[in-house]
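The values are calculated or read from the model by the stated rules, or taken from the named source; none is laboratory data. As the structure is a prediction and not an experimental result, all values here were calculated from the model. Neighbour counts run over all protein chains shown; Cβ positions are idealised from the backbone, glycine included.
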Amino acid sequence: MRYALSRLRAGAHNRRLLIGFTLTGLALWLAILALMAFSGYFRHFDTDLPRWLFTMIPPAMVLIVLLFSKKIRLLLLALPPAWLIYAQTFRILVELFYYLGYRAGYVPPQMTFAWLNFDIIVGITAPMAGYVFFGRNRYHRFQAIYWNVFGVALLLNNIMVAALSTPSSIRVFMNEPAGVFLADFSFIWIPGFIVPFALALHLFSLKQLIFTKPPQRRFSLRRGRKRSEGNETS
């Protein structure tokens, strides 16, 4: 945000105000999730759907509003398209955490890359994808769109597997341990913040790629002019 606002030549006061508002909103949401987890609210599994699943609804609503915001569109125009892809590298750490939890005995195997969680593919390919699609003045829009759609599909798969591993009426995976750890602090931040954050990166990237015009390749144009001038001189 700081980089995009500086490119848009926003005033220093407006930059501080917008960034401060964003950080305050995130801090409040994380604090609310933490307090609810400490109170044991998410530990009730007698409902049809696990309660932690509903923590994704408020971020999803905010995300929908932001996707239709003209100001967000301006921010996306000012961001290099590779940045939103590079940021997905953080999912490697999340998947390693899941695997360590599985080895420790509190994460079910189907929620890790040992079985049905393939999310680590997005994290591993993110640096390569960002460079191959947009490095050195490249702009491979359609390949980047396919990559983002693939990432969203893997994210939805992880949500479904986690929900079906929770001891509720929709449970399908009956192996132990059950996926109850997501109801506790600080794991509640995974469905309440990390998953919506990953989804937001994908959707912002798709919006940037689909609804904006590709940049003109100034470098290639200059090379073309130099070649034409050289031909005329000769």
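Observations, loosely collected:
- Out of LEU33, LEU17, LEU28, one residue alone is out of contact with any helix residue (DSSP H, G or I) (no Cβ under 7 Å at 6 or more places or on another chain), of a type in the set (A, V, I, L, M) and at pLDDT 95 or above. It is LEU28.
- Counted residues, region 126-148 - those being of a type outside the set (Phe, Trp, Tyr) and under 11 Å from LEU209 (Cβ atoms): 6
- Test: VAL161 is buried (at least 16 other Cβ atoms within 10 Å of the Cβ), of a type in the set (Val, Ile, Thr), in contact with a His (Cβ under 9 Å, 6 or more places away or on another chain) and modelled with pLDDT of 95 or more: no
- For THR212, the criteria (1) surrounded by fewer than 19 Cβ atoms within 10 Å (Cβ to Cβ); (2) within 18 Å of PHE42 (Cβ to Cβ) hold in every case but one, which is (2).
- Within region 1-106, helices (runs of 4 or more DSSP H) holding 2 or more residues that are of a type outside the set (S, T, N, Q) and either surrounded by fewer than 13 Cβ atoms within 10 Å (Cβ to Cβ) or touching a strand residue (DSSP E or B) at 6+ places or on another chain (Cβ under 6 Å) (or both): 2-7, 12-38, 57-67, 70-78, 91-104
- Looking across region 111-142 at every residue that is in a helix (DSSP H, G or I), over 16 Å from the mean Cα position of the chain (by Cα) and touching a residue at least 12 places away in the same chain (Cβ under 8 Å), the one that is farthest from GLY179 (Cα to Cα) is identified as ASN137.
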